[in-house]
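Engineer: Provided herewith is a single structure, encoded as structure tokens, for subsequent inquiry.
The values are calculated or read from the model by the stated rules, or taken from the named source; none is laboratory data. Small disclaimer: the values here were computed from a predicted structure and weren't measured. Here the Cβ positions follow ideal geometry from the backbone for every residue, glycine too, while neighbour counts run over all protein chains shown.
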Amino acid sequence: MSAPDPTDTYRQEAAELLEQLEQTLLDLEASPDNADLVDTAFRALHTIKGSGAMFGFDRVAAFTHHVETAFDLVRKGQLPASSKLIAIALAAKDQIRQLIEQPDAAAVDDAEAILRELRDLTAATAERGADPHRTASARPTWRLRFRLPPDAMAKGTNPLLLLDELRELGPCTVQADNSTVPPIEGLDPTECHVGWDVTFTSEQRRATIEQVFLFVRDDMQLELTQLEPDQAASPTATTAAPPQNTRAETHGGPDTNGIRVPAARLDELMDRVGELVIAQSRLKQVAATSGDTQVKSVAEEIERLALELRDSTMGARMVPISQLFSRFRRLVHDLSCELDKDITLITCGEETELDKTLIDRLADPMIHLIRNSIDHGIEAPQQRLAAGKPAQGHITLTARHLGHEVLISITDDGKGLDRARILERAEETGLLPAGAKPADSELFQLLFLPGFSTAREVTSLSGRGVGMDVVRRAIEALRGHIAITSSPNQATEITLHLPLTLAIIDGLLVRVGTGRYVIPLAAVEECVELTSADDARSHGHCFLNLRNSLVPFLRLRELFNVATEPEPYPKVVIVASGERRVGLVVDQVIGDHQTVIKSLSKLHANVATFSGATILGDGAVALILEVAHLVEHDQQHDRLQAVA
């Protein structure tokens, strides 16, 4: 297996640092006097710059150096962490990302404009003068003794660059420690044999100084001591003893409890586990027809191990939803400034875990929903004050588990949906008959129909309903569905109901005619028999009397145009989607089935009744029913009956 490309490693680590930098800058805007946030931003910029120079990203290093210098002034109290600086730094962060991802296509004009704004800001601050209280404080003196690992230079570490970075922290003296250099006949020129004893004066914190050795500190020897005033006056008075390995005593070192695994490898592992589950299903079927008890015992053991491996692999793909929510802080920040609205983002349930594939595919539809809430949901400050609300609006993102689903809610405390306007548009376009009185849950779903919009003016950002059909298709492609609730002049809440994973699910295997189908077990509430009395009453409207509650049902034989004779004792599988319950009439309930989801071909992309397919133990294919679509089909049937 070929070694990983160092530049790819840098790009990946830089992407994480840039994400951290963006969150830190947004926090810093709310707490401009927080020294820890300033240090965090500086360290992120410092690492991006230093690593960029090491891996050949010279333009990244040169550009980032100027931004790093500005934050060094902030640390020294010579430049305030103003909103203007934060805005420039956020633009610089975007430029750094572009320089890393597309170094040849990056716009030089954009970079120059950002640096020009930065120079103007720092020059204006220099004219006003530095903070006298900060500059008058005494700066401590540090003594740092370090020895790099023997293979440091072979791995690309240049000790001279490390010493240069230490000199940037403050005036220093450097003394080499040659006590371990071997005789010339035993010297390996590719190894680092020299240690260094550095004494310097700097107001930087211990963690910032140690950050210089970020990429080598895990294997090096490092000793950092703050000297007393009498020692600082004569820093060379002590003997330069060889440094001891203080790896266990360093602060803020990298976490060695985890390893970085490419998502593609996890996907490949999940595919292999899926094939194993299919093979295990075949073995289970063979064992069921075998009289050999040993075969049955082995089949049961393989089934147990396959299920444990499935759960472990799926667990490795689960990541906290905070990785998704954190992306929207910048979106809310920028749109608030653009629309001159005071809006803050609140997140709840960030520790909720979801399949990484789902998180990656949720970003775009959620961006559209949040833009809608900001643009058309939350009012301008003057309007909010006139309505008796606080001037600041809130967007709240919430995630929680509910059974085998994850519920993600986007809530705004704005003016709510205009029910009368939606009903008016529905009647104008013929979607509802005149005088219809649909429930809110049904009426609001019209917003997701193609081309449906209540906006009287189209803005450059969004329109309440414009493009919402794309959002619904994206969520349905993830086997999810959307629910909307709204209160006039108070709030609108959009809730995404999503499965935990897209790879392997627990399913209920049923038969309709000669075909076999899988119903996601998470949507199944119960199974009952369709009595002859209920069957006889189902003329036109099909309802099942279930414990004095009427539940509509669909005959899958009719829906799938099955030509064989019906079974004498059909079964009804009660499924739920949101607040709606529907019964699916099948010929036989076969039992539970570990379902490995396979995507349908492009030729079947528009067949909304099925969300995918799976391979059974005998090699046959079973289609997976899309419960949300079947529930919607039942609702459409009721609407047509009402019109008729």
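Engineer: Which one is farthest from residue 344 (Cα to Cα) among residues in the stretch 366-396 that are in contact with a helix residue (DSSP H, G or I) (Cβ under 6 Å, 6 or more places away or on another chain) and surrounded by fewer than 22 Cβ atoms within 10 Å (Cβ to Cβ)?
Structural biologist: 368
Engineer: Please count how many residues of the stretch 205-240 are modelled with pLDDT under 75 and assigned to a helix (DSSP H, G or I).
Structural biologist: 5
Engineer: Sticking with this structure for a sec: Filter the strands (runs of 3 or more DSSP E) completely within the stretch 421-535 down to those with at least 1 residues that are modelled with pLDDT of 80 or more and under 21 Å from residue 614 (Cα atoms).
Structural biologist: 491-499, 504-512, 515-520, 524-529
Engineer: Return the residues of the stretch 577-589 that are in contact with a Pro (Cβ under 8 Å, 6 or more places away or on another chain) and touching a residue at least 60 places away in the same chain (Cβ under 8 Å); say none if nothing qualifies.
Structural biologist: Scanning the stretch 577-589 gives 586, 587.
Engineer: In the stretch 40-59, is there at least one residue being more than 17 Å from residue 214 (Cα to Cα), under 23 Å from the mean Cα position of the chain (by Cα), modelled with pLDDT of 90 or more and not in a loop (DSSP other than H, G, I, E, B)?
Structural biologist: No, the conditions are met nowhere in the stretch 40-59.
Engineer: Within the stretch 590-615, which residues are in contact (Cβ under 8 Å) with a residue 60 or more places away in the chain and surrounded by fewer than 19 Cβ atoms within 10 Å (Cβ to Cβ)?
Structural biologist: Across the stretch 590-615, the qualifying residues are 590, 591, 592, 608.
Engineer: Shifting gears a bit: Would you point out which residue out of 42, 57, 63 is buried (at least 21 other Cβ atoms within 10 Å of the Cβ) and more than 23 Å from residue 204 (Cα to Cα)?
Structural biologist: One residue alone meets the criteria, 57.
Engineer: Give me the pairs: first residue in the stretch 385-404 and within 18 Å of residue 375 (Cβ to Cβ), second residue basic (Lys, Arg), beta-carbon distance under 7 Å, and six or more apart or on different chains, which are they?
Structural biologist: Partner pairs satisfying both residue conditions: 391/384; 393/341; 393/384.
Engineer: Between a first residue in the stretch 204-224 that is within 12 Å of residue 149 (Cα to Cα) and a second residue that is modelled with pLDDT of 80 or more and basic (Lys, Arg), which pairs have beta carbons less than 9 Å apart while being 6 or more apart in sequence or on different chains?
Structural biologist: Every condition considered, the pairs that remain are 220/147; 221/145; 221/147; 222/145; 222/147.
Engineer: Could you tell me which residue of the stretch 262-296 is surrounded by the fewest Cβ atoms within 10 Å (Cβ to Cβ), considering only residues that are small (Gly, Ala, Ser) and more than 42 Å from the chain's Cα centre (by Cα)?
Structural biologist: Ranking the candidates gives 291 first.
Engineer: Taking into account only those residues within the stretch 342-355 that are of a type outside the set (Val, Ile, Thr) and surrounded by fewer than 20 Cβ atoms within 10 Å (Cβ to Cβ), which is farthest from residue 318 (Cα to Cα)?
Structural biologist: 342
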